[in-house]
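A.B. asks: Have a look at this one before I ask anything.
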Amino acid sequence: MPTPARASMARAVTTALLSVLLLAALPGTVATASAKAARKASAPVAAEILMDAGSGAVLQARNADQPTFPASLTKMMTLMLTFEALDRGALRLDQPLAVSRRAASMPPSRLWLSAGGSITVEQAILALVTRSANDAAVVLAEALGGSEAAFAARMTARARALGMRHTAFRNASGLPDGRQRTTARDMAILSRALITRHARHYAYFHRRSFDWQGETVYGHNHLMARYPGMDGIKTGYIAASGFNLAASAVRDGRRLIAVVMGGHSADARDDRVADLLDIGFRRTTRPEPQPEPEEMVVTSGSATTAARSTALSVPKAGARPAAAAPGDGGRWSVQVGAFKDREAAQRSVRATARRLGALAAGASPEVVRAGGLYKARLTGLPAATADAACAALTSAGHGCFTVPMR
């Protein structure tokens, strides 16, 4: 029988050995746990939303408001501003656009444009829709905004106007930028705006290829080939976002929009979009129409913080100003905000006119009351001047958009 002294010594040795083994194992355990936490933190956000395009009602959603990276879904906004420039007459489809050295230096996916060369507006549109060409995106951005950074400011302002409250753009392509964020819901809102407000141009999203310099350029949106009724709209991928897809399909006169973000592969993403669309089309009753979200622009040009906080909403692009006279044809207004207070609107439009200087020459400050709000506008500008004025304002961080006077 062991003596008490020997038993005590044995217990001490056992405890020491266990401590050594535990200490040896601990760093590996902590490292493994840390690695797992890091992988989880860096994993793309998995999010989805299913929307009825006609009513705007959300039929199903998961993590729809979780911030993530848009990747090449960004190009949908680049294309929206391009379509609006075409409608204003600021661009023509056959207009050649210069390719800068910066545009030509963009990484793939690209069209391999050469610095000093040119590409027409329509070719650039098709390059974005099919190849998701980053170089062509920068060409459009520089043509419309002067620089990609200025154009990105306009993209963000337009997103806010559409009600995309959680989206910020920093480039025209969707290439990685930690400050460029969006949500599945915001991408569905953008998809719906392209479909409902730009029906004439939306047909471009159905193109699966186009001819460029004697070669056929094929697109990345393979789900269109196998899902009946699908006619657009855009794929996207960067490592931080995973595989993204905004899609729209029509059956029996009913159109749905599905957005999936953060897919772990292109096939898995496509399959989930198809599943969502199937779920929506199986529903026998249509959702009640939802009120159109008011487009939002908050102007930073008001005189006081209190006045700025009352700058609420602006009407949809293309709405007629109350004071527009018939026969104005090509005359346009620049709207810089809508306010609860008439005096705040007047101060804002006067300050905007001073800020624009020569660009506001010939424009008339106007405050239009509608829906209980006072809308601040500079009216009577030619289309090109209105476009340049709004570009200058958005580049300086002031919200605005152009409204045709009919």
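A.B. asks: Which one, HIS198, GLY174, THR235, is farthest towards the positive end of the dipole of segment 172-251 when Lys and Arg carry +1 and Asp and Glu -1 on their Cβ?
C.D. replies: Looking along the dipole axis, the top candidate is HIS198.
A.B. asks: Grab the Cα-Cα distance for ALA370 and ARG355, subtract it from 0.36 nm times how many residues apart they are, and report the gain in nm with one decimal. Provide the component values of the computation, followed by the final result.
C.D. replies: Numbers: separation 15, 0.36 × 15 = 5.40 nm, distance 2.54 nm.
Taking 0.36 nm per residue and subtracting the Cα distance, the gain is 2.9 nm.
A.B. asks: How would you classify segment 149-217 from its alpha-carbon gyration tensor, with a ≥ b ≥ c the square roots of the eigenvalues: rounded for a/c under 1.5, else prolate if a/b is greater than b/c, otherwise oblate?
C.D. replies: Working: a/c = 2.32, a/b = 1.43, b/c = 1.62.
Since a/c reaches 1.5 but b/c is at least a/b, the shape of segment 149-217 is classed as oblate.
A.B. asks: For segment 331-404, which trypsin sites (Lys or Arg not before Pro) pass both filters: DSSP loop (anything but H, G, I, E, B) and at most 14 other C-beta atoms within 10 Å?
C.D. replies: Numbers: sites: ARG331, LYS340, ARG342, ARG347, ARG350, ARG354, ARG355, ARG369, LYS375, ARG377; in loops: LYS340.
Loop-located and lightly packed - LYS340.
A.B. asks: For a quick check: sort SER364, SER132 by the number of other beta carbons within 10 angstrom, fewest at the front. Before the final figure, lay out each step's value.
C.D. replies: Numbers: SER364 14, SER132 27.
Going from sparsest to densest Cβ surroundings: SER364, SER132.
A.B. asks: Right, next: Would you mind ranking TRP332, TRP212 by Cβ crowding within 10 Å, fewest neighbours first? Let's see the in-between values first.
C.D. replies: On the way: TRP332 27, TRP212 19.
Going from sparsest to densest Cβ surroundings: TRP212, TRP332.
A.B. asks: Would you work out the charge dipole size for segment 178-269 about its Cα centre, treating the Cβ of every Lys and Arg as +1 and the Cβ of every Asp and Glu as -1, and quote it to the nearest 20 debye?
C.D. replies: Working: 14 positive and 6 negative charges, 82 e Å.
Dipole about the Cα centre, nearest 20: 400 debye.
A.B. asks: Next question, about the same structure. Which value in nm describes the separation of the simple spin-label points at GLN213 and ALA98, placed 7 Å from the Cα toward the beta carbon?
C.D. replies: Placing both labels 7 Å along Cα→Cβ, they lie 1.9 nm apart.
A.B. asks: Search the structure for amide H atoms under 5 Å from the amide H of GLN66, placed 1.01 Å from N in the peptide plane, and list their residues when 5 or more places away or on another chain.
C.D. replies: So GLN66 has HN proximity to ALA184.
A.B. asks: Neighbouring Cβ atoms within 10 Å as the yardstick, rank GLU148, GLU215, GLU84 fewest first. Before the final figure, lay out each step's value.
C.D. replies: Numbers: GLU148 24, GLU215 8, GLU84 21.
In increasing order of surrounding Cβ atoms, one gets GLU215, GLU84, GLU148.
No lab work stands behind these numbers, since they all come straight from the coordinates. Computed from a predicted structure; not experimentally measured. In this analysis, Cβ positions are derived from the backbone assuming ideal geometry, glycine residues included, and neighbour counts consider all displayed protein chains.
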